[in-house]
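S.K.: Dropping the structure in here first, questions after.
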Amino acid sequence: MISPLLFLIAVATTLSAAPEPVIGSITSGLHSILKNTHASKEYGYPTDLTRDLLPIPVHSHNDYWRDRPFYTGLSKGCTSTEADVWLYNGTLYVGHDESALTYERTLENLYINPILDVLDRQNPDSPFLTAPTKNGVWDTDTAQTLYFFIDVKTSGHETFKAVIKALEPLREKGYLTKLKGGKTVETGPVTIIGTGDTPLDMILPVMDRDYFFDAPLADLSESKYSRIDYRVSPIASTDFVKAVGKVAIDTEPVLREEQLKSLRAQISVARERGIGARYWNTPNWPVRQRNLVWRTLLQEGVGLLNADDLDAVTTFF
Ligand SMILES: *[C@@H]1O[C@H](CO)[C@@H](O)[C@H](O)[C@H]1NC(C)=O
């Protein structure tokens, strides 16, 4: 605790000293300009909602559990989000299990409408435009897509059919990544990936669609998945503990030789087909171990890191 007298002396000394250039310090005049220009018309622009946010290759795991689904991940720059969906009487509800569902927490309210709103802001109607835009959610990288994993919890075919229908507002505006004629992928602001009980037979044989499949990363070499490449599955995922193994230490190298070998083999099979890898069920604790595993996964070239603690993962980059 500094005494008031000492404080006054300190202030007086500072004021009487000859002005010297100081890095990171501002004059009262500049301070006043900064304060008064804030949010004024000349200093705002239509697509500034996500200004200053840098997208990071992170999947906001169990995103619908967060205090503010979708928006929290967006504010951290996470390029991937997730909703578990349950079909009841024609409506898709979002929640981890049945007891968590409410009439308000629908896929439409928590994800479709918020995503639509952000994209409408990033793609304003303006007399300055010489061509229509298809900007993504991040103002700093408008070409970056947002991966949206939709985890089907109730009967697969029926529920995924409802998902395809629920995407209509995003589809209508041209915001979805599309497969055209089974050949080319046209990346849009949002890439939908069905997971959980999403049936592969509703995706693999469809040549023109705007939804994709979360393939089993560790099983891509099996013959039944031989036809899967980025056009079916832009990201493939697996359980880290099952596919790579339990991590026992928190010193480098954090993976044993054979674990690293499995990891590299899986990532490389995926990469040959243009698929990004994602591992869930990576260690959360001890923090040092979690970070070493994240670092290893990034070094080995995963497509997305799976993270529960978004504050931690943003400071990690
Ligand atoms: C679905 O509809 C049935 C029949 O109207 C009703 O009994 C049931 O409570 C509804 N389910 C929900 C979750 O509202």
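S.K.: From the square roots a ≥ b ≥ c of the eigenvalues of the alpha-carbon gyration tensor of the stretch 240-317, which class results: rounded (a/c under 1.5), prolate (a/b over b/c), or oblate?
M.R.: oblate
S.K.: Gaussian network model of the chain, Cα springs within a sub-10 Å range: biggest mean-square fluctuation belongs to which of Lys153, Lys178, Lys161?
M.R.: Greatest mean-square fluctuation among the candidates belongs to Lys161.
S.K.: Further question on the same structure: Rank by packing, highest mean first: peptides 163-169, 293-299, with packing defined as the count of other Cβ atoms within 10 Å averaged across residues. Intermediate values should be presented prior to the final figure.
M.R.: On the way: 163-169: 15.9, 293-299: 17.4.
The packing order, highest mean first, is 293-299, 163-169.
S.K.: Could you state the angle between the C-alpha long axis of helix 28-37 and the longest principal axis of the C-alpha atoms of the chain, as a value from 0 to 90 degrees rounded to the nearest 10?
M.R.: The angle comes out at about 40 degrees.
S.K.: With everything on Cα atoms, drop me the angle between helix 287-300 and the longest principal axis of the chain, reported from 0 to 90° to the nearest 10.
M.R.: Orientation of helix 287-300: about 60 degrees from the principal axis.
S.K.: Okay, moving on. In whole percent, what relative contact order does the stretch 238-317 give with Cα contacts below 8 Å and a gap of six or more residues? If you can, show how the numbers build up before the last one.
M.R.: Working: 75 pairs, mean separation 26.2, N = 80.
Result for the stretch 238-317 is 33 percent.
S.K.: I would also like to ask the following. For the chain, take the longest principal axis of its alpha carbons; what is the angle in degrees between that and the long axis of helix 257-272, to the nearest 10 within 0 to 90?
M.R.: For helix 257-272, the angle is close to 80 degrees.
S.K.: Right, something else. Tell me, what ³J(HN,Hα) does each residue in the stretch 305-312 have, in order and in whole Hz, if you take phi through Karplus 6.51 cos²θ - 1.76 cosθ + 1.60 with θ = phi - 60° and put x for Gly and Pro?
M.R.: So the J values, rounded to whole Hz, are 8, 9, 9, 8, 8, 6, 5, 5.
S.K.: For the chain, what does -39500 (n - 2.57) per DSSP helix run (n ≥ 4), summed and divided by total residues, give at 222 nm, in deg cm²/dmol to the nearest 500?
M.R.: Values: 10 runs with 96 residues, N = 317.
Only helices count here, giving -9000 deg cm²/dmol.
S.K.: I need Leu305, Leu101, Leu217 ordered by Cβ neighbour count within 10 Å, fewest first. Please list the in-between numbers first.
M.R.: Values: Leu305 23, Leu101 17, Leu217 27.
Exposure proxy ranking, most exposed first: Leu101, Leu305, Leu217.
S.K.: Too long at a 25 Å Cα-Cα cut-off: which of Lys153/Lys173; Lys161/Lys183; Lys153/Lys224; Lys178/Lys261?
M.R.: Values: Lys153/Lys173 27 Å; Lys161/Lys183 23 Å; Lys153/Lys224 23 Å; Lys178/Lys261 34 Å.
Those over the limit are Lys153/Lys173; Lys178/Lys261.
S.K.: Please tell me the relative contact order of the chain in percent, rounded to the nearest whole number, where contacts are Cα pairs under 8 Å and at least six residues apart.
M.R.: Working: 513 pairs, mean separation 45.1, N = 317.
It comes to 14 percent, rounded to a whole number.
S.K.: Sticking with this one: Cross-link candidates for Lys76: which lysines have Cα within less than 19 Å, leaving aside residues fewer than 8 places away along the same chain?
M.R.: none
S.K.: Which whole-number percent of Cα pairs in the chain have a distance greater than 38 Å? Please list the in-between numbers first.
M.R.: Details: 13242 of 50086 pairs.
When every Cα pair of the chain is considered, 26 percent fall beyond 38 Å.
S.K.: At a Förster radius of 45 Å, what calculated FRET efficiency corresponds to the Cβ-Cβ distance of Ala143 and Ile249, to the nearest 0.05?
M.R.: Details: r = 40 Å, r/R0 = 0.88.
Calculated value: 0.70.
Every number here is computed from the coordinates shown, using simple stated rules; none is lab data. Just so we're clear, the structure is a prediction, and the values are computed from it rather than from any experiment. With ideal geometry, Cβ positions are generated from the backbone for all residues, glycine too; neighbour counts draw on all protein chains shown.
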